[in-house]
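Right, one structure below, let's go through it.
Readers should treat all values here as calculations from the given coordinates under stated rules, not as data from a laboratory. On a predicted model such as this, the values are computed, not experimentally measured, just so you know. Here the Cβ positions follow ideal geometry from the backbone for every residue, glycine too, while neighbour counts run over all protein chains shown.
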Amino acid sequence: MTQITIRRPDDFHLHLRDGARMRDALGFSARVFGRAMIMPNLRPPVTRLGEALEYRKRILEALPEASNFAPLMSLYLRDETSVEDIREASESGVVMAAKLYPAGATTNSSSGVTEIGKMGPVFEEMSECRMPLMVHAEVTDQEVDIFERERVFIETILAPLVEEYPALKVVLEHASTADAIAFVRQARPGVAATITIHHMLLSRNDILVGGLKPHHYCLPVVKTERDRRAIVEAATSGDTRFFAGTDSAPHPRSAKECSGAAAGIFSAPVAVPLYAQLFEQAGALDRLEAFLSLNGAAFYGLPPNEEMIVLEKFPLEVPVDLPFGDERVVPLWAGREVQWRLRAI
Ligand code: NCD
Ligand code: ZN
């Protein structure tokens with residue numbers, strides 16, 4: 001097959017940043033995705049409806065002309081988040097989900113939730129409103145090895161939470177282990193996972209072998225080859241509980257190529273072509289549309305995008321870096337070839 005026509009995809013996990021950096025990053029997503037779930041981990045974070053409305057306005061103003069891209073907004077849960085915050089956000093029709101970051105788990109998560117056990121009223125309200133909870137599923141305990149943090153979170157926090165709030169819709173974000181895949185497969189209805197392109201493409205060898213590769217460092221960190229294969233298998237299986245969320249998270253080159261490199265991989269410019277490439281390798285191009293364009297929308301109760309896009313087999317070299325405010329950002333697969341591209345319409 002040398003070309004494939006699918007409904008316009010959605011990205012259910014995207015970091016857009018703000019200001020000039022956002023303007024530079026946004027075009028890559030808006031070109032190919034119809035909608036994206038915008039992560040709220042700005043500094044300070046987007047915690048209430050008013051902030052989400054303002055951020056959405058800045059995104060819409062930064063969009064390329066004639067773009068139909070629709071940002072779906074999310075709230076950042078904190079210890080202080082109230083039932084009213086959730087209700088007001090849900091009634092707006094603009095905020096589609098709330099994100100649970102255990103405090104300290106990742107970039108800009110210092111004001112995340114410190115005691116998940118105290119969030120009961122918020123989770124009850126979200127269940128009532130049918131507002132999905134997006135979960136960064138990693139414990140932050142110093143004693144827990146970073147490669148075990150997702151599994152331990154699932155066992156000690158997520159599995160009990162899913163049972164305690166049986167009507168709460170839950171998305172395990174950026175599944176990075178075979179354990180996460182197995183958990184979602186056996187979970188009750190209303191539990192799903194997003195899958196990034198980098199967790200399908202990379203294992204920890206790609207960070208640690210042949211020189212340290214900070215541009216492959218993200219959270220949750222990419223894991224073993226066995227985990228990678230389980231993730232590819234889930235994404236390409238046709239199972240509707242798995243859908244695309246790129247977790248594209250740009251950082252300037254200076255914040256990646258230094259001591260204490262920031263976590264985050266800027267995949268937006270190459271995500272859809274690379275997803276296509278991996279689905280092709282798995283012999284599953286016929287399931288690409290469900291994964292990119294149907295399953296996530298169905299989970300969130302949204303109709304699929306009406307427009308179609310055409311992907312064609314056409315090798316292109318990925319730029320070594322791209323403008324990012326007054327700095328540069330290195331995209332995923334920089335300087336390497338991708339086998340598919342979006343046909344210009
Ligand atoms: C994200 C970021 O940079 O905002 N980084 C990452 O490695 N994924 C934060 C996050 O989603 O964990
Ligand atoms: Zn993220």
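Some notes on this structure:
- Modelled FRET efficiency - R0 22 Å, residue 80 with residue 128, Cβ distances, 0.05 increments: 0.65
- For the range 1-134, the residue among 1, 93, 13 whose Cα projects farthest onto the positive side of the dipole built from Cβ charges is 1.
- Relative counts (whole %) of C-alpha pair distances in the range 221-266, using bins that are 5 Å wide: 5, 18, 17, 19, 16, 13, 9, 4, 0
- Per-bin percent of Cα-Cα distances, the range 34-104 [5 Å]: 3, 17, 29, 23, 15, 8, 3, 1
- The dipole here belongs to the range 59-218: it is taken about the Cα centre, uses +1 on the Cβ of Lys and Arg and -1 on the Cβ of Asp and Glu, and is about 540 debye.
- The range 306-339 and the range 50-68 have Cα centres lying 23 Å from one another.
- Ranked list, fewest to most other Cβ atoms within 10 Å of each Cβ, for 69, 243, 147: 147, 69, 243
- Phi-based couplings in Hz for the range 217-229 (Karplus 6.51, -1.76, 1.60; Gly and Pro marked x): 8, 8, 10, x, 4, 5, 10, 7, 4, 5, 5, 4, 5
- Overall dimensions of the range 65-104 as given by Cα atoms, namely Rg and Dmax in Å: 12.8, 40
- If only the Cβ of Lys and Arg carry +1 and only the Cβ of Asp and Glu carry -1, the dipole of the range 118-181 around its Cα centre is close to 280 debye.
- Considering all C-alpha pairs of the range 161-302, those separated by over 28 Å amount to 19%.
- Viscosity 0.692 mPa s, 37 °C: Kirkwood-radius Stokes-Einstein D of the range 90-232 over Cα pairs, µm²/s: 207 µm²/s
- Pairs spanning more than 31 Å between alpha-carbon atoms, out of 118/213; 223/256; 99/213: 118/213.
- Across the options 231, 140, 183, the greatest Cα extent toward the positive end of the charge dipole of the range 137-245 (unit charges at beta carbon of Lys, Arg, Asp, Glu) belongs to 231.
- Of the residues 74, 67, 237, the one with the fewest other Cβ atoms within 10 Å heads the list, and the complete ranking is 67, 237, 74.
- Taken along its three principal axes, the alpha carbon spread of the chain comes to 51, 44, 41 Å, from the longest extent down to the shortest.
- Relative contact order, percent, the chain [alpha-carbon distance under 8 Å, six or more residues apart]: 19 percent
- Cα-centre dipole for the chain with unit charges at Cβ (Lys and Arg positive, Asp and Glu negative), debye to 20: 800 debye
- With neighbours defined as other Cβ atoms within 10 Å of a residue's Cβ, the residues 85, 247, 18 order from fewest to most as 18, 85, 247.
- Restricting attention to the chain, close to 30% of DSSP beta bridges with both partner residues there are antiparallel.
- Part-to-part distance (alpha-carbon centres) for the range 218-273 and the range 156-182, which is given in Å: 19 Å
- Relative pair counts by distance (%), Cα atoms of the range 248-345, 5 Å bins: 3, 12, 18, 18, 18, 14, 11, 6, 1, 0
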